[in-house]
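Q: Before we start, here is the structure in question, set down as structure tokens.
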Amino acid sequence: MVRLSRFLARQGGSVLDATEADLLDFMGQEDTLSARTKARRLSSMRRYYQYLIRERIIDGDPTARLEAPRLGRSLPRTLSENEVEALIGAPDRSTTIGLRDRAMLEVLYATGLRVSELVAIKLTQVNLRQGVVRITGKGNKERLVPLGEEALDYLQCYLEGARSDLCRRRPTEALFPTRSGKAMSRQAFWYMIKKYANKAGIGTDLSPHTVRHAFATHLLNHGADLRVVQMLLGHSDISTTQIYTHVATERLKSLHAKHHPRG
């Protein structure tokens, strides 16, 4: 409110006699601010003027008809195709844990699963002959997701030896168990993927959803239909999937700017 008070003082007024037009002028002179910052300032003014009304210091609220700026939806962070290749190739396949981790990353990128879905996969949900995994997503909705040749190859290799080594102490239904034979937690997978991101030299601050974002974005970049991507991701509403069209568009813009002579 200090900025507003100073602005109004320069106009010969004060916060107590400010009109809607005065506040519009104040908001308009801050064009360099982000929409989010403007929205916070408007919210602060509203609370202040509501307080003045409750205390019966003023009669009307000059912010009543002011509309907050649209914030838009933030674009998810993603990875380039080269970065995904580097990430997936980071585990040491000569070790039991490394082969498990490589299989997990291959399956994650091939399917675009949520991390919670990935770590919860049971052995019985995978059909290697048909090349699909049966996933129970949000709202207990089931969907079949294709695995692709690369993921199938590594999954087959992992199942032929590494998984048995991990399950020696305690039999488990989990497709990707830990050394103790239990299913991996989301937090453990997050630490795992951060470790391989550092090894691969990826500077992006990965979240558990980053590879899922990359899966959707790369599909759209290569011409996949939005409805197909929606089904693969398990989104109940197409509007949730549409955010990835913006990511793909931003990628195309950056490529155009980088490589076009007049970009």
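The values are calculated or read from the model by the stated rules, or taken from the named source; none is laboratory data. Everything numeric in this text was worked out from a predicted model, so none of it was measured. Cβ coordinates were reconstructed from backbone atoms using ideal geometry, including for glycine residues, and neighbour counts include every protein chain displayed.
Q: Being without any contact (Cβ under 8 Å) to a residue 60 or more places away in the chain and in contact with a helix residue (DSSP H, G or I) (Cβ under 9 Å, 6 or more places away or on another chain) is the filter here; which residues of segment 88-109 pass it?
A: Selection gives ILE88, ASP92, ARG93, THR95, GLY98, ARG102, GLU106, VAL107.
Q: Give the residues of segment 4-14 that are surrounded by 11 or more Cβ atoms within 10 Å (Cβ to Cβ) and in a loop (DSSP other than H, G, I, E, B), sorted by residue number.
A: Answer for segment 4-14, where residues must be surrounded by 11 or more Cβ atoms within 10 Å (Cβ to Cβ) and in a loop (DSSP other than H, G, I, E, B): GLN11, GLY13, SER14.
Q: Let me ask something else about it. Look at ARG46 and say whether it is among the charged types (D, E, K, R), modelled with pLDDT under 90, farther than 30 Å from GLU149 by Cβ and outside the structural domain of ASP205 (by TED's automatic domain parsing).
A: no
Q: Give me the helices (runs of 4 or more DSSP H) completely within segment 15-120, filtered to those with at least 2 residues that are surrounded by fewer than 21 Cβ atoms within 10 Å (Cβ to Cβ) and over 26 Å from the mean Cα position of the chain (by Cα), ordered by residue number. Can you show your working first?
A: Details: elements: 20-28, 35-54, 81-88, 96-111, 115-120.
Per the criteria, 20-28, 35-54, 96-111.
Q: If a residue must be hydrophobic (A, V, I, L, M, F, W, C), assigned to a loop (DSSP other than H, G, I, E, B) and farther than 18 Å from THR178 by Cα, how many such residues does segment 121-130 contain?
A: Step one: list which residues in segment 121-130 are hydrophobic (A, V, I, L, M, F, W, C), which gives 121, 123, 126, 128.
With the extra rule that they be assigned to a loop (DSSP other than H, G, I, E, B), the set shrinks to 121, 128.
Next, from what is left, pick out any that are farther than 18 Å from THR178 by Cα: 128.
Final tally of qualifying residues: 1.
Q: On to the next question. Looking at segment 147-169 only, could you name the residues that are within 11 Å of ARG179 (Cα to Cα), charged (D, E, K, R) and assigned to a helix (DSSP H, G or I)?
A: Residues satisfying the conditions are ARG163, ASP165.
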